[in-house]
Amino acid sequence: MTEFNLNILEIEKNLSKNKILKNIVYFKKIDSTNNYAENLIETGRASKGTIILADEQTKGHGRKSKAWFSPKFVNFYGTFIIKNEMSPSDFFYLTIISSLAVQKTLKSFKLEASIKWPNDILVKKKKISGILTKIIKNYALIGIGININWNPENSLELRDKATSMSKELRETIHRESVISVLLKNWEKEYFRYFKNKKRLLQDWKAKLHITHKEVKILSDGQIFQGKIVDIQNDGGLILDTNEKKTVILYNIDKF
Ligand code: BTN
């Protein structure tokens, strides 16, 4: 496949309609868009509405500092910086908003995705996208990675666990279109939070592929086995264990 940088002008054309995500800072190569955004905030140089985009990440990472494979020219790696307008008990809504935005974006490209709690987006049970949110000072960071044109067959380690849009659709996907749709969808979901967050939570739960299934979870070094019965508004996973106890889990190592 021919290798191209992202056409930022094309994405910017669509930004004019946006109310929150307004300006792009683009890198051909960076350690991590999240690290860059964090540094902007820590050094007082951040402005709300900034989207950090990169064509390649050398230290892309996800939850629990797990590496996020970020080869050049094929995928989406981006971090949005917004003003934090949520109360601490609602921080998990940033993940809810972002997962639904990704799920809807994939749907508009005719891909059915489900959400694996807390922040994985799956197609046919394989990971296609991951989300990493963080609150720093009075800003919120939303880091999103979507596998678009990457071929998982090239990675022995990931080919059984991960997929991409092009693999599922059997064609090369125009990355700029995916990104423009994602930015629009992200804003829509964000506004829904202020209008009707109960409905947003319901929609998100409807897309979760785990609810009510028997699972084995490693959390803070302890194994829990049981059925997931619900998710709390703050993102906590409610598990009815086989020992007839209800536990709320936040910190998951493996499941
Ligand atoms: C996860 O699955 O645990 C979350 C993965 C998040 C990856 C994205 S790619 C853009 C941004 N920069 C990073 O280093 N991470 C996020």
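Using the crude model of +1 on Lys and Arg Cβ and -1 on Asp and Glu Cβ, and no other charge, please compute the dipole size for the chain relative to its Cα centre, in debye to 20. Write out the running numbers ahead of the final one.
Numbers: 44 positive and 28 negative charges, 115 e Å.
My answer is approximately 560 debye.
Would you mind calculating the gained length between Lys125 and Glu214 on full extension (0.36 nm times residue separation, minus the Cα-Cα distance), in nm to one decimal?
30.4 nm
Between Leu158 and Lys205, what length in nm is gained on full extension when 0.36 nm per residue of separation is reduced by their alpha carbon distance?
Length difference between fully extended and current span is 14.2 nm.
State which entries of Lys22/Lys116; Lys188/Lys216; Lys184/Lys207; Lys19/Lys124; Lys17/Lys124; Lys197/Lys244 exceed 24 angstrom in Cα-Cα distance in the structure shown.
Flagged as over cut-off: Lys22/Lys116; Lys188/Lys216; Lys19/Lys124; Lys17/Lys124; Lys197/Lys244.
Among Thr246, Asn185, Ile173, which residue has its Cα furthest toward the positive end of the charge dipole of segment 151-255, with +1 on Lys/Arg Cβ and -1 on Asp/Glu Cβ?
Highest projection toward the positive end goes to Asn185.
Provide Ser87, Ser47, Ser99 in ascending order of the number of other Cβ atoms located within 10 Å of each residue's Cβ, fewest first.
The order, fewest Cβ neighbours first, is Ser87, Ser47, Ser99.
Over 26 Å between C-alpha atoms is what I'm after, so list which of Lys48/Lys127; Lys66/Lys126; Lys13/Lys59 land there.
Working: Lys48/Lys127 29 Å; Lys66/Lys126 17 Å; Lys13/Lys59 29 Å.
Pairs exceeding 26 Å: Lys48/Lys127; Lys13/Lys59.
Subtract the Cα-Cα distance of Asp240 and Ile135 from 0.36 nm times their separation in residues, and report this length gain in nm to one decimal.
34.8 nm
Could you please rank Glu157, Glu176, placing first whichever residue has the fewest other Cβ atoms within 10 Å of its Cβ? Please list the in-between numbers first.
Working: Glu157 9, Glu176 19.
By the 10 Å Cβ count, ascending: Glu157, Glu176.
Translational D (Stokes-Einstein, µm²/s) of segment 89-227 at 4 °C and 1.567 mPa s when Rh comes from the Kirkwood sum over C-alpha pairs?
81
What's the FRET efficiency of Lys110 with Lys197 using the Cβ-Cβ distance as r and R₀ = 25 Å, to the nearest 0.05? Please report the intermediate quantities before stating the final value.
Details: r = 29 Å, r/R0 = 1.14.
Step by step, r from the Cβ atoms, then E = 0.30.
If we count every other residue with Cβ under 13 angstrom of Asp31's Cβ, Lys/Arg +1 and Asp/Glu -1, where does the sum land?
Summing Lys/Arg as +1 and Asp/Glu as -1 gives +1.
Please identify the GluC sites (Glu not before Pro) of segment 1-87 that satisfy two criteria: DSSP loop assignment and at most 14 other Cβ atoms within 10 Å. Which are they?
Details: sites: Glu3, Glu10, Glu12, Glu38, Glu42, Glu56, Glu85; in loops: Glu3, Glu56, Glu85.
Taking segment 1-87 and a limit of 14 other Cβ atoms within 10 Å, the loop GluC sites (Glu not before Pro) found are Glu3, Glu85.
Any read-out appearing in this document is the output of simple, stated calculations on the displayed coordinates, not a laboratory observation. Predicted, not measured: the structure shown is a model, and the values here were computed from it. Note that each Cβ is placed from the backbone with ideal geometry, even for glycine, and that neighbours are counted across all protein chains shown.
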